[in-house]
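These notes are about the structure you will find just below.
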């Protein structure tokens, strides 16, 4: 009985450690939705700052494709390179500038959302990998209410 208890306890600790490690790999900065999207530490390096972090499309019709461009500025001291941007779902596609953004310059991240097959309130978030100090940031998000036909 003691052996079984020890095995179960060790297994639980092992799985908990693995699960925590997985979460750290997917969000190495440990950011939560709504956290500041600036990546530079102490004014060093590239920094990504969005003018607006949430856009609500309001009511849209199921099957409709909508898009919005979020304006951002490199508030850091070195050129900003967006290496990748992914959405929380395949129905949302981010597009971003591939060339470096110089300090003080701005750019746009376009987000296209396809509501086909969706209904009700929806919120999608963009995660961004940059050359900034933190590497990964929780970026802007879109919201809408999808009305079925």
- State yes or no: is residue 63 surrounded by fewer than 14 Cβ atoms within 10 Å (Cβ to Cβ), at pLDDT below 50 and in a loop (DSSP other than H, G, I, E, B)? no
- Task: Please specify each residue of the range 114-141 satisfying the condition of being in a strand (DSSP E or B) and farther than 18 Å from residue 71 by Cβ.
- Result: 114, 120, 121, 122, 123, 124, 127, 129, 136
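Based on what the data block shows, is residue 118 touching a strand residue (DSSP E or B) at 6+ places or on another chain (Cβ under 6 Å), surrounded by 15 or more Cβ atoms within 10 Å (Cβ to Cβ) and free of Cβ contacts under 8 Å to residues at least 60 places away in the same chain? Write out each step before concluding.
Working: touching a strand residue (DSSP E or B) at 6+ places or on another chain (Cβ under 6 Å): yes; surrounded by 15 or more Cβ atoms within 10 Å (Cβ to Cβ): yes; free of Cβ contacts under 8 Å to residues at least 60 places away in the same chain: yes.
Spelling it out, residue 118 is indeed touching a strand residue (DSSP E or B) at 6+ places or on another chain (Cβ under 6 Å), surrounded by 15 or more Cβ atoms within 10 Å (Cβ to Cβ) and free of Cβ contacts under 8 Å to residues at least 60 places away in the same chain.
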- Query: Do any residues in the range 50-74 that are without any contact (Cβ under 8 Å) to a residue 40 or more places away in the chain have Cβ atoms under 8 Å from those of residues that are assigned to a strand (DSSP E or B) and surrounded by fewer than 16 Cβ atoms within 10 Å (Cβ to Cβ), where the two are at least six apart or on different chains, and which pairs are they?
  - Reply: 51/71; 71/106; 71/108; 72/106; 72/108; 73/106; 74/106
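Would you confirm, using the coordinates I've provided, whether residue 97 is part of a loop (DSSP other than H, G, I, E, B), more than 19 Å from the chain's Cα centre (by Cα) and within 17 Å of residue 51 (Cα to Cα)?
The answer is no for residue 97.
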- Residues of the range 130-148 being more than 20 Å from residue 52 (Cβ to Cβ) and surrounded by fewer than 16 Cβ atoms within 10 Å (Cβ to Cβ), in sequence order, are 135, 147, 148
- Only one of these conditions is not met by residue 103: (1) more than 17 Å from the chain's Cα centre (by Cα); (2) part of a strand (DSSP E or B). Which number is it? (2)
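Taking the range 70-91 only, how many residues are farther than 19 Å from residue 129 by Cβ and surrounded by 15 or more Cβ atoms within 10 Å (Cβ to Cβ)? Show your work before the answer.
Let us first name the residues in the range 70-91 that are farther than 19 Å from residue 129 by Cβ, namely 71, 77, 91.
If we keep only those that are surrounded by 15 or more Cβ atoms within 10 Å (Cβ to Cβ) too, we end up with 91.
Residues in the range 70-91 being farther than 19 Å from residue 129 by Cβ and surrounded by 15 or more Cβ atoms within 10 Å (Cβ to Cβ): 1 in total.
The values are calculated or read from the model by the stated rules, or taken from the named source; none is laboratory data. Because the structure is predicted, anything quoted here is derived from the model rather than measured. Note that each Cβ is placed from the backbone with ideal geometry, even for glycine, and that neighbours are counted across all protein chains shown.
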